[in-house]
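Let me begin by presenting the structure, written as structure tokens, before commenting on it.
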């Protein structure tokens with residue numbers, strides 16, 4: 001049986017921002033600057049896991065208005081541990097600390113775009129949509145007739161588009177399997193929601 005070390009979960013120090021971005025895989029310039037702006041206005045939603053004063057994990061996000069729900073929620077952008085502290089049981093307490101910060105900040109709902117399904121399901125999150133990425137050229141003329149539970153289609157300038165599908169009791173893998181019969185699926189993800 002493994003014993004967890006006592007970690008401290010608290011908002012990150014401003015001097016730890018760059019380290020937090022490296023732990024959270026957000027060192028690209030554009031994303032870094034957006035996160036820096038959010039940190040300026042919402043430092044309480046940048047929660048760190050500290051081991052003997054050293055930042056080893058980060059959970060951060062910001063307020064986000066979800067048009068489909070007509071609701072302002074706390075959006076969890078990322079939760080990550082440094083490579084030496086992954087899969088040791090520190091992620092759930094870090095997520096709980098971030099949820100507590102969101103609740104204290106006046107939010108009653110958390111939304112996140114994608115992540116490891118089992119982790120979020122174990123921590124009380126509900127899947128609200130499965131996203132399946134396909135090539136634009138393979139989309140039929142009337143996708144709503146072809147695809148059960150299609151909520152909306154998201155597309156950008158690239159040759160890919162995302163089909164956002166209501167879970168209706170299906171796992172992400174079941175949705176991918178269903179879509180793979182119709183399209184070549186390039187990637188997939190699950191968006192989650194949790195009421196606080």
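What follows draws every value from the coordinates through simple rules; no lab data is involved. Just so we're clear, the structure is a prediction, and the values are computed from it rather than from any experiment. Ideal geometry is used to build each Cβ from the backbone, glycine not excepted, and the neighbour counts take in all protein chains shown.
Below are the figures for this structure:
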| item | result |
| --- | --- |
| Acute angle (nearest 10 degrees) that the helix 91-104 long axis makes with the longest principal axis of the chain, alpha-carbon atoms | 90 degrees |
| Two-site label geometry, residue 155 and residue 5: point separation in nm, points 7 Å out along Cα→Cβ | 5.0 nm |
| Using alpha-carbon coordinates, inclination of helix 29-41 to the longest axis of the chain, degrees | 60 degrees |
| Relative contact order [Cα under 8 Å, 6+ residues apart], the chain, whole percent | 19 percent |
| Estimated 222 nm signal from helices in the chain, with DSSP H stretches of n ≥ 4 weighted -39500 (n - 2.57), rounded to 500 | -7500 deg cm²/dmol |
| If the convex hull is drawn through the Cα atoms of the range 126-195, its volume per residue in Å³ | 87 Å³ |
